[in-house]
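The values are calculated or read from the model by the stated rules, or taken from the named source; none is laboratory data. A quick note: this is a predicted structure, and the numbers were derived from the prediction, not measured. Methodologically, a virtual Cβ is constructed for each residue, glycine included, from the backbone with ideal geometry; neighbour enumeration extends over all protein chains shown. Just the protein is used for accessible areas: all its heavy atoms, side chains included, with ligands, DNA and RNA removed. Shrake-Rupley method; radii C 1.70, N 1.55, O 1.52, S 1.80 Å.
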Amino acid sequence: MEIYKPEKAKVYAYILLLLLLGNGALGILIYFANTYIAQYIFILGMFALSIYCIYYLALVKSLSYELGEEDISISFLFGLKKILIPYKDMESYTIIKGKIDGVKLSGIGNHRFHIGKSFIEKVGISNTFITDSKGIIYIKALNRIYGLSPNNFNEFIKKLEEKGIENKEFYVEYKKNIDMYKEKKFLVPLIMTTIITFFIILNPFILYLSNSLPAKMPLNFNIYFKPTQYGSGKQFAFRQMTYGVFNMVILFCMHYASYFYAKYDKKSAYKYMYIPLIISILFLIIQVRVIFIFA
């Protein structure tokens, strides 16, 4: 078995810079934020960004391409995960050098590297393990495409040709807009988010109109959930309505994003509808907690 290592220095620098600058910016926002909700969201954002960057640092650190007698193995996460591509399943390969031209569907990267899933122009939907765009080999096997960037580029190609794998251009099929409303994976989070958002808006007003709210309600909290500002029940209801409108804006943006990405990969489009669902559930929990404690 021959092992080929990809170039990693540029990817390390990018991910570390993203980790430092991203957490630095979120740390500043946490320091200046004067509301419990804002601080809570920024802290969650810092945690998510850290996990995201550490995961891809570990992936890139352990990434290698192993050429065996029967298959190519893409090994990462210190051997815990491997993707096997048997030579007998390989239809062809193509070479693209320079800027990565396409749409990132998942993962991390830019026009010079990408780890994850992308729609690549002239290639199609690809599982990409590309750390350097100087020389990229796309391998097509059983309607799946894999993007690799081995250091010993010419030697790697020679090994493919020895196995009878031909260099051909890929046929790329561009999808038309998909009617997402027929898909349960899209419709369920959309309906749930809409219901929760309307509940966030209407619940405080119903309580206010039914005189179920006290005369004084907390409007803002510090990170320890201690009230820093009080107002009337009416002000509290309007504040919650603002949070509901904020959730509606996020839902609209993610709805548009899901339709945009569905043109390239339907599976990647669904995840965008779960982002507003998670955020709306977070706001709902905070609202219920406030009403339960102070109303």
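Tabulated data
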item	result
Under 14 Å between alpha carbons - lysine pairs in the stretch 8-158 that sit 8 or more apart or on different chains	12
DSSP loop trypsin sites (Lys or Arg not before Pro) with at most 12 other Cβ within 10 Å: longest gap in the chain	177-295
Distant-in-sequence amide H partners of residue 105 (H built 1.01 Å from N, under 5 Å)	117, 118, 119
Net charge dipole size for the chain [Lys, Arg +1 and Asp, Glu -1 on Cβ; Debye, nearest 20]	920
Neighbour net charge for residue 96 - beta-carbon separation under 15 angstrom, K R +1, D E -1	+3
Residue-normalised accessible area of the stretch 24-147, expressed per residue, 1.4 Å probe, Å²	47
With every protein chain in place, the chain: carbon and sulfur % of accessible area (1.4 Å)	63
Candidate aspartates and glutamates - alpha carbon under 13 Å from residue 267, same-chain residues fewer than 8 apart omitted	183
With Cα atoms, 0 to 90° folded angle of helix 153-162 axis to the chain main axis	60
Whole-number percent relative contact order across the stretch 203-261, with pairs defined as alpha carbons under 8 Å at least 6 apart	28
Percent antiparallel among DSSP beta bridges (both partners in the chain, rounded to 5)	90
Using alpha-carbon coordinates, inclination of helix 184-209 to the longest axis of the chain, degrees	20
Relative contact order of the chain, pairs being alpha-carbon contacts under 8 Å that are 6 or more residues apart, as %	15
Estimated [θ] at 222 nm from DSSP helical runs (n ≥ 4, -39500 (n - 2.57)) normalised by residues in the chain, nearest 500	-16500 deg cm²/dmol
Accessible surface, 1.4 Å probe, highest first, among residues 96, 28	28, 96
